[in-house]
1. Determine whether F20 is surrounded by 11 or more Cβ atoms within 10 Å (Cβ to Cβ), modelled with pLDDT of 85 or more and assigned to a helix (DSSP H, G or I).
2. If I ask for residues that are of a type outside the set (V, I, T) and over 18 Å from the mean Cα position of the chain (by Cα), which ones from segment 2-20 would you list?
3. Could you tell me how many of the residues in segment 35-63 are in a loop (DSSP other than H, G, I, E, B), open to solvent by less than 60 Å² (accessible area, probe 1.4 Å) and free of Cβ contacts under 8 Å to residues at least 12 places away in the same chain?
Amino acid sequence: MIGKYTKESDQDVLDRTYEFYKKAGFRREMVTSEPGLQGMLDFLSETIPEAKTAKPAQFFDDRFLRQVNSGK
């Protein structure tokens with residue numbers, strides 16, 4: 001997917017990009033998660049000071065997803 005949308009064909013670059021996003025908390029399921037958002041906030045905190053004090057829960061609400069996943 002990364003190669004398709006970035007038009008990158010260098011496999012080493014693609015592998016390193018995938019590993020970067022994986023370490024940042026991104027998952028294959030493309031579901032928003034607190035660890036994923038925290039990874040993005042950590043990354044952004046290098047250039048945006050407010051990101052250092054921001055909490056992932058400020059940016060998403062997963063109650064509907066949890067409800068669907070619980071079968072209720």
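The values are calculated or read from the model by the stated rules, or taken from the named source; none is laboratory data. Since we're looking at a predicted model, the values are computed, not measured. Backbone-built Cβ (ideal geometry, glycine too); neighbour counts: all protein chains shown. Side chains are part of the model used for accessible areas, which takes the heavy atoms of the whole protein and leaves out ligands, DNA and RNA. Shrake-Rupley method; radii C 1.70, N 1.55, O 1.52, S 1.80 Å.
1. no
2. Selection gives K4, K7, E8, S9, D10, Q11, D12.
3. Qualifying residue count, segment 35-63: 1.
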